[in-house]
Structure formats: C-alpha cells, structure tokens
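Student: Next up is a structure, given as structure tokens.
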Amino acid sequence: MLDLDKTTFQPEVLEAEGYVFVDFYGDGCVPCQALMPFVHEMAEKYGDKLKFTSLNTTKARRLAIGQKVLGLPVMAIYKDGEKIEEVVKDDATQENIEAMIQKYI
C-alpha cells in the first residue's frame, strides 16, 4: 500500500498506466479508520494485479476537492489517470469495495 501526498498523487495515480486503487481517508474519519485494515488486506490479496494507494485528504484538501472527493470515505479506481469508479460514504462497505476491485483484476 503506497501512501500518497499532494506531490506524489500526480505521478503515482494520474500519470500511471493501468488500474490504481485509491483509498481517500481523513484523520478524523471514523469509518475510514474502521475500513483501513480491510483495505490493507485487499492490497495484500490483490496487490499483484492492482496498484493500491491511499491519500490522507486532511493534508491534501485541495487535491481531494479537485478529484471531487467531498465526503469520506471514498474508495476509487483509476485507469490510465481517469477515475472510472468509486464507492462513497455509506456505500463504502467491505462487500462493495471488494466487488469493485474484482471488476478490474
């Protein structure tokens, strides 16, 4: 799991080829913290087929808004720099996250 910041998001996600999973989370986001172990488990399970990254939106607010991340948690899949699917807030369940990952591996 690659932890991104506002300087590494562009090259690691927007300029990356293929599929990239991004976990947008925040410091005070309780659901984000609850999902984090599951997301790390998915990264271990599928990391050879999909690049897994995370971004703390507390430290990169403008970047998050630029990616239309307006509420948390957000789990998104990018392909060749374009966001192609995401699960947001209440839809960000373990089942929905894994189902989304399964589509792109």
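The values are calculated or read from the model by the stated rules, or taken from the named source; none is laboratory data. Computed from a prediction, not measured in an experiment: that's the story for all the values here. As a convention, Cβ positions derive from the backbone with ideal geometry for all residues, glycine included, and neighbour counts pool all protein chains shown. SASA here: full protein model, heavy atoms, side chains in, ligands and nucleic acids out. Shrake-Rupley method; radii C 1.70, N 1.55, O 1.52, S 1.80 Å.
Student: Within segment 25-35, identify whether any single residue is charged (D, E, K, R), open to solvent by 60 Å² or more (accessible area, probe 1.4 Å) and under 11 Å from the mean Cα position of the chain (by Cα), and answer yes or no. Write out each step before concluding.
Tutor: Residues of segment 25-35 that are charged (D, E, K, R), as a first pass: 27.
Those left that are additionally open to solvent by 60 Å² or more (accessible area, probe 1.4 Å): 27.
Subsequent filtering for residues that are under 11 Å from the mean Cα position of the chain (by Cα) retains none.
No - not one qualifying residue is present in segment 25-35.
Student: When the residues of segment 63-92 are narrowed to those that are part of a loop (DSSP other than H, G, I, E, B) and touching a residue at least 40 places away in the same chain (Cβ under 8 Å), which ends up most open to solvent (accessible area, probe 1.4 Å)? Working first, answer last.
Tutor: Kept after step one, since they are part of a loop (DSSP other than H, G, I, E, B), are these residues of segment 63-92: 67-73, 80-81, 92.
When the remaining residues are screened for being touching a residue at least 40 places away in the same chain (Cβ under 8 Å), the result is 67, 69, 72-73, 80-81, 92.
Details: GLN67: 35, VAL69: 11, LEU72: 53, PRO73: 3, ASP80: 84, GLY81: 13, ALA92: 9 Å².
Looking at residues that are part of a loop (DSSP other than H, G, I, E, B) and touching a residue at least 40 places away in the same chain (Cβ under 8 Å), I get ASP80.
Student: Any chance you could count how many residues in segment 51-62 are in contact with a Gly (Cβ under 8 Å, 6 or more places away or on another chain) and either of a type in the set (D, E, K, R) or open to solvent by less than 50 Å² (accessible area, probe 1.4 Å) (or both)?
Tutor: Qualifying residue count, segment 51-62: 3.
Student: Something else about it: What about ALA43, is it open to solvent by 10 Å² or more (accessible area, probe 1.4 Å) and of a type in the set (A, V, I, L, M, F, W, C)?
Tutor: Against the criterion (open to solvent by 10 Å² or more (accessible area, probe 1.4 Å) and of a type in the set (A, V, I, L, M, F, W, C)), ALA43 qualifies.
Student: If you don't mind, there's one more thing I want to ask. Does segment 45-80 hold any residues that are closer than 20 Å to ASN96 by Cβ and out of contact with any strand residue (DSSP E or B) (no Cβ under 9 Å at 6 or more places or on another chain), and which are they?
Tutor: Listed by number, the residues that qualify are LYS45, GLY47.
Student: To continue, here is another question. Between a first residue in segment 22-51 that is at negative phi and touching a residue at least 40 places away in the same chain (Cβ under 8 Å) and a second residue that is open to solvent by 70 Å² or more (accessible area, probe 1.4 Å) and of a type in the set (S, T, N, Q), which pairs have beta carbons less than 7 Å apart while being 6 or more apart in sequence or on different chains?
Tutor: Correct list of pairs: PHE38/GLN94.
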